[in-house]
Amino acid sequence: MTTSDIEKQVIEIVREQLDVKPEDCTLDKIFTDDLGADSLAIVELVLAFEEHFEIKIPDEEVENIKTVGDAVNYIRARRKA
Amino acid sequence: MTGRRVAVTGVGLISPLGVGNDDNWRSLCAGKSGIGPITRFDASAMTTRIAGEVRDFDATRWVPKKEVRQMDLFIQYAVAAAAMAVEDAKLGPPDDPERFGVYVGAGLGGLPVLEATHDSLREKGPRHGISPYFVPAIIVNLAPGQISIRHNYRGPNMSHVSACSTGAHSIGEAFHLIARGGADVMIAGGTEATVSPLCIGGFASMRALSTRNDEPTKASRPFTKSRDGFVLSEGCGLVVLEAWERAKARGARIYAEIVGYAATSDAHHITAPSPDGEGAQRCMRLALRDAGLPPESVGYINAHGTSTSADATETSAIKAVFGAHARKLAVSSTKSMHGHLLGATGGLEAAICALALHHEVLPPTINLDDPDPECDLDYVPHEARKVAVDVVLSNSFGFGGTNACLALKRVG
């Protein structure tokens, strides 16, 4: 899976989960402040990433994933590892 | 009740008869049935395969798409019906939010999401099988909670839970709250959405449901010889209650005045009513005393009338309370049309009573083809009746032997 594949799929999941428009869902967007996610929505989003990419994201690492780009980078690194 | 007068200034109705106030009222006046085959799930293994399902409900008319999955259906109904009720009352945003409250209950709450989540827990395990929205989607008081968030109502907010009298108790408690000065405006009533395998199966296991699967529109037939159980329905019935002086001052249309309320308990059995409906009798008497009205003032009773053996008990309770006047007043069970909405039913029926006073029309008991000799009152058979009455009662009784009775009065 290339970085651009991961990016596309992450954006698709974020759009679906948080119900945001494609043009609003860019890599620099912060889930909470920019995309309206509350703490429960973040949990749901993380679980969706886990299921889709077949990885596990420990709770203590979730706080480092603040933007769409953070998620892409995290998932890319985990999939390589 | 001594204290401030209370007006009914809005209603919000969702039932198998329609989504919205006009559709519901039209169907009630036309004597239509909302009962049909179960489509929500495969009911082929069930002894009862009919229910009153709400059709054509699109939650995204009232709730943003991403928030829909945070609510089980009973909460979606409540949010939608509250929006309708507020609009119907032409309330606008609250001028003093701390004086606005919400009492909306459910008898059972979020069974469909609970059942689906239990399935996914077993399939996927706890981490991926349970949504972080599971708890707020199913707990009963998220119905009033979600309403308060959307309308900025910062006063009392809670759910009264009393099975099939939930909606009536909620409205009665809200009435007394306003009367004694605890709030100025309350959204009150009940909501329910449990056309699910566990719920249909549970009531079927008690042999409480009609099995007239081949004739769904004839299945809810209160007061008949051939009645064979209630028909489970879903929906939401809410009213806007408002301090009388406030409603008058803003020139609100007032459907009716709510003048009396009582709550009693049979202290008898988990599901069966007490002999002769002793608890129901006391409840009607106390509601009339609360209203300061004599039994002879009552022109119509919206009966609990579930299409079970308890219809005869309710009939004898009415006779005991009203004596000779029982023969003069009209009684109907609108459950013959909308079925039994469990925790929502008392809210819907109280709203119907307010509309009946306002429009001067008594909705009928349909399917009354073969009256039970033990049920020998004027049940407004088959067709609605155009008549102005001054005072109406709405009876609601629930498992656990709990009873509620509301008294409403015509304006003017």
Answer from B:LEU177, B:LEU142, B:LEU121, B:LEU114 - the residue that is surrounded by fewer than 16 Cβ atoms within 10 Å (Cβ to Cβ), out of contact with any His (no Cβ under 8 Å at 6 or more places or on another chain) and at negative phi: B:LEU121
The listed residue being under 18 Å from the mean Cα position of the chain (by Cα), more than 14 Å from every other protein chain (Cβ to nearest Cβ) and assigned to a loop (DSSP other than H, G, I, E, B), out of B:LEU108, B:LEU91: B:LEU108
Selection within the range A:31-43 - within 12 Å of chain B (Cβ to nearest Cβ) and either over 20 Å from B:ARG69 (Cα atoms) or of a type in the set (S, T, N, Q) (or both): A:SER39
Pair list, Cβ < 9 Å and 6+ apart or interchain, from the range B:56-72 residues that are within 20 Å of A:LYS21 (Cβ to Cβ) and more than 10 Å from every other protein chain (Cβ to nearest Cβ) to residues that are assigned to a loop (DSSP other than H, G, I, E, B) and open to solvent by less than 70 Å² (accessible area, probe 1.4 Å): B:VAL63/B:GLN70; B:VAL63/B:MET71
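Residues checked against (1) within 24 Å of B:MET71 (Cβ to Cβ); (2) away from chain B (no Cβ under 12 Å):
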residue: A:THR2; (1), (2): no, yes
residue: A:ASP5; (1), (2): no, yes
residue: A:GLU16; (1), (2): yes, no
residue: A:LYS29; (1), (2): no, yes
residue: A:LEU45; (1), (2): yes, no
residue: A:GLU54; (1), (2): no, no
residue: A:ASP70; (1), (2): no, yes
residue: A:TYR74; (1), (2): no, yes
Among residues of the range B:152-174, those that are open to solvent by 40 Å² or more (accessible area, probe 1.4 Å) and either hydroxyl-bearing (Ser, Thr, Tyr) or under 24 Å from B:SER307 (Cα atoms) (or both), counted: 1
Filtered residue count, the range A:18-27, keeping only those that are within 11 Å of another protein chain (Cβ to nearest Cβ), outside any helix (DSSP H, G or I) and either at pLDDT 95 or above or in contact with a Leu (Cβ under 9 Å, 6 or more places away or on another chain) (or both): 1
Members of the range B:249-284 that are at pLDDT below 95 and either outside any loop (DSSP other than H, G, I, E, B) or open to solvent by less than 20 Å² (accessible area, probe 1.4 Å) (or both): B:SER274, B:PRO275, B:ASP276
Residue in the range B:320-334 that is under 27 Å from B:LEU238 (Cβ atoms) and within 13 Å of the chain's Cα centre (by Cα) present: yes
Selection status of A:GLU50, among the acidic types (Asp, Glu) and either surrounded by fewer than 16 Cβ atoms within 10 Å (Cβ to Cβ) or within 11 Å of chain B (Cβ to nearest Cβ) (or both): yes
Conditions (1) open to solvent by less than 30 Å² (accessible area, probe 1.4 Å); (2) in contact with a Ser or Thr (Cβ under 6 Å, 6 or more places away or on another chain); number of the one not met by B:VAL392: (2)
Count of residues meeting criterion [part of a helix (DSSP H, G or I), surrounded by fewer than 24 Cβ atoms within 10 Å (Cβ to Cβ) and of a type outside the set (S, T, N, Q)] in the range B:211-221: 2
Out of B:ALA45, B:ALA85, B:ALA78, B:ALA51, sole residue that is in contact with a helix residue (DSSP H, G or I) (Cβ under 8 Å, 6 or more places away or on another chain) and either part of a helix (DSSP H, G or I) or farther than 22 Å from B:GLY237 by Cβ (or both): B:ALA78
One residue from B:PRO112, B:PRO93, B:PRO97, B:PRO37 being closer than 25 Å to B:HIS169 by Cβ and out of contact with any Gly (no Cβ under 9 Å at 6 or more places or on another chain): B:PRO112
Residue match in the range B:20-33 (condition: outside any helix (DSSP H, G or I), touching a residue at least 12 places away in the same chain (Cβ under 8 Å), among the hydrophobic types (A, V, I, L, M, F, W, C) and away from chain A (no Cβ under 14 Å)): no
Test: residue in the range A:5-13 that is over 12 Å from the mean Cα position of the chain (by Cα), farther than 14 Å from A:LYS66 by Cα, surrounded by 13 or more Cβ atoms within 10 Å (Cβ to Cβ) and modelled with pLDDT under 95: no
Exclusive hit being open to solvent by 10 Å² or more (accessible area, probe 1.4 Å), touching a residue at least 24 places away in the same chain (Cβ under 8 Å) and closer than 30 Å to B:ARG180 by Cα, set B:LEU288, B:LEU293, B:LEU241: B:LEU293
Per-region count, the range B:296-338, residues open to solvent by 10 Å² or more (accessible area, probe 1.4 Å) and part of a loop (DSSP other than H, G, I, E, B): 5
Positions within the range B:178-210 being small (Gly, Ala, Ser), part of a loop (DSSP other than H, G, I, E, B) and either farther than 30 Å from B:THR9 by Cβ or free of Cβ contacts under 8 Å to residues at least 12 places away in the same chain (or both), in sequence order: B:SER196, B:ALA208, B:SER210
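The values are calculated or read from the model by the stated rules, or taken from the named source; none is laboratory data. Bear in mind that the values here come from a model prediction, so they are computed numbers and not experimental data. FYI the Cβ positions are ideal-geometry reconstructions off the backbone, even for glycines, and counts take in every protein chain you see. Just so you know, the surface numbers come from the protein's heavy atoms only, side chains and all, with ligands and any DNA or RNA stripped out. Shrake-Rupley method; radii C 1.70, N 1.55, O 1.52, S 1.80 Å.
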